[in-house]
Amino acid sequence: MSQKLPKMMGIERRHSPSATWDFPAVLSRQFREQRILDRLKPSARVAVAVGSRGIKNLSEIVSCVIGTLRKSGMRPFIVPAMGSHGGATPAGQAHVLADYGITPESMGVPFDTRMDVRVIGTTENGLEVFFSEAALEADGIVVINRIKPHTDFSGSLGSGIFKMIAIGLGKHRGAAAVHVAASRLGHERVIRAVARVTLKRAPILCGVAIVEDQRHETAELWVIRPETLENEENKLFARAQSLMPKLPFDEIDLLIVDFMGKNISGTGMDPYVIGRSVYGYSSSLLRETGPVTRIYRIFVRDLTHATNGNALGIGLADFTTTRAVHQIDRTASYTNSLTALTISTTKIPIYFDSDRECIEKALASLALPEAAVPRILRISNTLSLDKFQASDAYRSEIPARADFVITDPPRDMEFDSFGNLSPWGGSEAL
């Protein structure tokens with residue numbers, strides 16, 4: 001007989017409206033004011049470096065950068081800047097960008113997806129610095145990326161322009177070298193050292209830095225010259241930290257995540273959101289010191305389509321479905337995991353054929369008192385936290401939260417004939 005599950009209610013968290021952007025005007029003005037293209041001759045070839053992150057408005061921003069370059073008489077082309085992602089193959093990296101709507105046809109420019117690199121220098125610690133041959137052959141390079149805390153390390157630098165210069169444009173070989181050195185010296189120290197060497201040796205014209213708000217909308221957009229890049233990125237990193245989305249409750253028995261993938265986070269689910277490190281975590285039922293949010297069990301239902309089978313981060317879950325396991329591309333996942341030296345992130349959790357069975361087994365593993373109502377939270381992914389479902393156990397907390405609005409009254413969990421959860425207002429295929 002199936003276990004009785006708690007009723008779930010739909011909740012929406014309200015924020016102040018996000019900023020609206022005229023991307024062509026903003027980018028054109030900043031390129032002009034920063035005099036980014038002044039030293040280039042007409043018809044110069046400019047590499048536009050684009051990574052593998054699921055950034056809101058990415059295709060529009062890339063298109064506007066290309067448009068600005070063209071209007072100035074340049075000949076832009078796109079270079080994937082994503083280290084070992086996409087299975088560390090030219091076709092795989094082009095496919096990742098295509099899933100974001102970035103193709104030679106949509107952008108109207110050629111791609112150079114070669115994985116070849118050159119050694120362009122050595123850091124003060126003796127680390128060889130690798131850099132994309134395709135980018136080096138250009139007269140100038142524009143690097144586009146979002147700035148936010150990184151999933152693998154903490155400090156005053158995260159994922160951003162510096163990381164893309166050091167790792168993304170280092171391709172597979174450079175990414176591997178940085179991760180190996182970082183295991184001994186620390187990520188931030190190595191990334192800063194490699195990027196500083198690269199900024200002296202490669203024709204980098206500027207970084208186009210994006211910061212997103214809690215709604216995954218563009219909050220900041222800046223064109224930054226290479227000589228001020230490090231200081232400006234430090235400031236934007238602090239801003240990004242203050243805007244990081246957070247789960248709505250501090251204590252969660254079971255977190256149901258509809259989708260995880262590389263377009264959501266570098267580790268499929270953002271460790272800063274779920275409070276689980278890529279280097280290991282505890283699922284003990286005892287209260288421990290550590291993150292404010294305490295999640296005892298995580299159930300991942302599916303991989304996103306855009307992750308292309310890369311399941312890096314699946315190892316941060318406790319339960320998943322058979323169908324999610326079948327979605328895994330082992331080559332892509334293992335290449336990324338081994339390059340980043342985060343091997344625990346691709347371990348496959350306990351899995352069952354249906355969502356219902358996963359939920360029941362997860363709740364049974366919590367050893368809750370018989371009368372207790374499980375504290376269950378269901379989200380679409382760790383980027384989309386403004387709409388969620390919460391079990392009846394949280395009903396008493398809602399009135400104290402002025403930013404919460406109940407959109408659906410408590411009702412039984414709905415399953416299809418296969419025992420899988422029905423879609424809801426905050427969930428969509430990704």
Tell me which residues, restricted to region 388-400, are surrounded by fewer than 19 Cβ atoms within 10 Å (Cβ to Cβ) and under 26 Å from S422 (Cβ atoms). D392, R395, E397, I398
I'd like the full set of residues that are in a helix (DSSP H, G or I), among the small types (G, A, S) and surrounded by fewer than 18 Cβ atoms within 10 Å (Cβ to Cβ), limited to region 69-93. A91
Filtered residues of region 346-395 (kept if free of Cβ contacts under 8 Å to residues at least 12 places away in the same chain and either of a type in the set (K, R) or touching a Lys or Arg at 6+ places or on another chain (Cβ under 7 Å) (or both)): none
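Counting just the residues of region 223-237 that are in contact (Cβ under 8 Å) with a residue 60 or more places away in the chain and surrounded by fewer than 20 Cβ atoms within 10 Å (Cβ to Cβ), which one comes out farthest from I66 (Cα to Cα)?
Across region 223-237, the extreme among qualifying residues is N234.
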Within the bounds of region 206-229, is there any residue that is assigned to a helix (DSSP H, G or I), within 17 Å of P149 (Cα to Cα), out of contact with any Phe, Trp or Tyr (no Cβ under 8 Å at 6 or more places or on another chain) and of a type in the set (K, R)? no
Where the second residue is modelled with pLDDT under 95 and the first is surrounded by fewer than 24 Cβ atoms within 10 Å (Cβ to Cβ) and lies in region 120-141, which pairs have Cβ atoms under 6 Å and are six or more apart or on separate chains? L127/A181
Answer residue from region 42-68, given it is at pLDDT 95 or above and assigned to a loop (DSSP other than H, G, I, E, B) and is nearest to D112 (Cα to Cα) among those: A44
How many residues does region 347-361 hold that are buried (at least 24 other Cβ atoms within 10 Å of the Cβ) and either of a type outside the set (D, E, K, R) or closer than 16 Å to M269 by Cβ (or both)? 2
Out of (1) closer than 18 Å to E220 by Cβ; (2) in contact with a strand residue (DSSP E or B) (Cβ under 7 Å, 6 or more places away or on another chain); (3) not small (G, A, S), what's the single condition that is false for V50? (1)
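With a cut-off of at least 3 residues that are out of contact with any Cys (no Cβ under 9 Å at 6 or more places or on another chain) and farther than 19 Å from G261 by Cα, name the strands (runs of 3 or more DSSP E) lying wholly within region 298-409.
387-391
Listed here are the residues, each with its yes/no results for (1) in the same structural domain as A166 (by TED's automatic domain parsing); (2) under 23 Å from the mean Cα position of the chain (by Cα).
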site: E12; (1), (2): no, yes
site: A25; (1), (2): no, no
site: S28; (1), (2): no, no
site: D38; (1), (2): yes, no
site: V46; (1), (2): yes, no
site: K56; (1), (2): yes, yes
site: S59; (1), (2): yes, yes
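The values are calculated or read from the model by the stated rules, or taken from the named source; none is laboratory data. As the structure is a computational prediction, the values presented were derived from the model and not from experiment. Neighbour counts run over all protein chains shown; Cβ positions are idealised from the backbone, glycine included.
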